[in-house]
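Enquirer: Structure in structure tokens, see below.
The values are calculated or read from the model by the stated rules, or taken from the named source; none is laboratory data. Owing to the predicted nature of the structure, the values given are computational and were not obtained by experimental measurement. Methodologically, a virtual Cβ is constructed for each residue, glycine included, from the backbone with ideal geometry; neighbour enumeration extends over all protein chains shown. Protein only, heavy atoms only, side chains kept; ligands, DNA and RNA dropped before computing areas. Shrake-Rupley method; radii C 1.70, N 1.55, O 1.52, S 1.80 Å.
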Amino acid sequence: MNEQVNSGELASAEVVGQSGLPLSELVSDRRVHSSVYTDQAIFDLEMDRIFTKTWVYIGHESEVPKKGDFRLRKIGRQPVIMVRDKDGKINVMMNRCLHRGAIVAEVEAGNTKFFRCWYHGWTYDTTGKLVQVTADEGYEPGFCEKKGGLARPPLVDDYRGFVFACLDENAAPLDKHLGQAADLLNYLIDASPTGKIRLDAGVNKTSYRGNWKLVGMDGYHVNYVHASVVQGWSENSDSGIAAMHKNDPFSDEALTRTRDLGNGHVLLDFREHRMAAIDKYLEFLRGAPGGEKYVEDMIAAYGEEQAKKNMSLAGDPHLGVFPNLQVIGNQVRIMNPISAGETEVLMFPVMFEGVPDELNTLRLRQHESFYGPSSAGSPDDAEIFERAQQGMRATVNPWVDISRGLHREEVDADGTIVGKISDETTQRGQIRAWRKLMTGG
Ligand code: FES
């Protein structure tokens, strides 16, 4: 049974898609109806109620370092341009011509003084201002000035270089939306001795035939999907990334935790676990190419105690910022929902400013080893997401269980909900935000 949906009138009794159930009954802290992942009608509603109502990550300032640099991004399915204009300011504009709606920029990145629409040649500068129309005798004098410029999301803001936009002018400010997630982003930014990072090492892209909400933030799967990698870490526990994974961080006996930070932001929390082994990790770092200088520069910049804290996660807070950003491994990751059954993932390896080149090279090699196209990790994740999507087509008992650890999770002193590393506290955190945005309650 389907009902026509008016996106302006949220009601918990509203029925969307093929399940026949009200939206509010599709999800709980214990289970999620598989139509939430498979039904295109629900996906279409998500684009309206989630991606146009909350802050969406657009890109990092370091991706557009020079005047005229631009990147094409999306807010849900809506095309936007992030561009550094002729005055050095970063703008986010809708990639939609004021004439008949064609995109005005079609290559995913570049440097330009103008965006010229290929359809009829209207031309915009890097502030979005319409500066020229072709065959202008067909328009009244002053036409360009009256038309103004490319439309903009009503809200654009950044957190320490991470640029976000929101299509709802009534949304809460970015800092309120991010909440404690901002503190976790600091673990990436301040792992650089200058407090600056660069996303200029390129991007590796992948897509999988599965829903966007399947991506990551799952401490339960690691010992199974990545069993061979985990075995490699344990057999080679004094080298590289393995030094940080010593003592099985994915055991429920470990100091690692899952956290629901609120607003759908979630964390696989390795902080305590890594700090317990910080001296061992620093020993590894000092022995790595460029590592000795890095450690000394970090101590000089932050003082020993804070520097240790800043280095402990190796720039990997393992953070999910709802709905489309993750900061995991050595990368910043954007999830682009394409349809209910297809998702594009963009992975940007992060380089630290002010460190020896060899250290950034090591970071890049580490990224490639787990997240590259022929790596040991990411392809297995994509495969398992596709298997989940396939299985969820079965409609007899169509429920997905997310109850692991519900009975033992607690509210921590900082107000976050905390569970053991294998608990589905993170899945519940994401789905709580989903329910709030989709049903208004
Ligand atoms: Fe852009 Fe006509 S649609 S110039």
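Enquirer: Kindly state which helices (runs of 4 or more DSSP H) lie completely within segment 165-276 and contain at least 1 residues that are over 30 Å from Q78 (Cβ atoms) and at pLDDT 95 or above.
Expert: Ranges flagged: 181-189, 271-276.
Enquirer: Moving on. Got a number for residues in segment 379-396 being over 30 Å from Q18 (Cβ atoms) and modelled with pLDDT of 95 or more?
Expert: 0
Enquirer: I would also like to ask the following. Within segment 353-398, can you find the residues that are touching a Leu at 6+ places or on another chain (Cβ under 7 Å) and among the aromatic types (F, W, Y)?
Expert: Listed by number, the list holds a single entry, F385.
Enquirer: Also, quick follow-up: Of the conditions (1) of a type in the set (F, W, Y); (2) surrounded by 20 or more Cβ atoms within 10 Å (Cβ to Cβ); (3) at pLDDT 95 or above, W399 clears all except one; give me its number.
Expert: Unmet condition: (2).
Each row is one residue, and each column tells you yes or no for (1) at pLDDT below 95; (2) of a type in the set (D, E, K, R); (3) open to solvent by less than 40 Å² (accessible area, probe 1.4 Å).
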position: G320; (1), (2), (3): no, no, yes
position: G329; (1), (2), (3): yes, no, yes
position: I338; (1), (2), (3): no, no, no
position: V350; (1), (2), (3): no, no, yes
position: V355; (1), (2), (3): no, no, yes
position: R365; (1), (2), (3): yes, yes, no
position: S375; (1), (2), (3): yes, no, yes
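Enquirer: Going residue by residue through segment 125-134, is there one that turns out to be within 13 Å of the ligand (Cβ to nearest atom) and either assigned to a helix (DSSP H, G or I) or closer than 21 Å to L167 by Cβ (or both)?
Expert: There is no residue in segment 125-134 that is within 13 Å of the ligand (Cβ to nearest atom) and either assigned to a helix (DSSP H, G or I) or closer than 21 Å to L167 by Cβ (or both).
Enquirer: So if I check each of L313, L346, which one is open to solvent by less than 10 Å² (accessible area, probe 1.4 Å) and over 16 Å from P289 (Cα atoms)?
Expert: Unique residue meeting the criteria: L313.
Enquirer: Tally the residues that are farther than 26 Å from K67 by Cβ and either touching a Pro at 6+ places or on another chain (Cβ under 6 Å) or open to solvent by less than 60 Å² (accessible area, probe 1.4 Å) (or both), restricting the search to segment 121-145.
Expert: Qualifying residue count for the region: 2.
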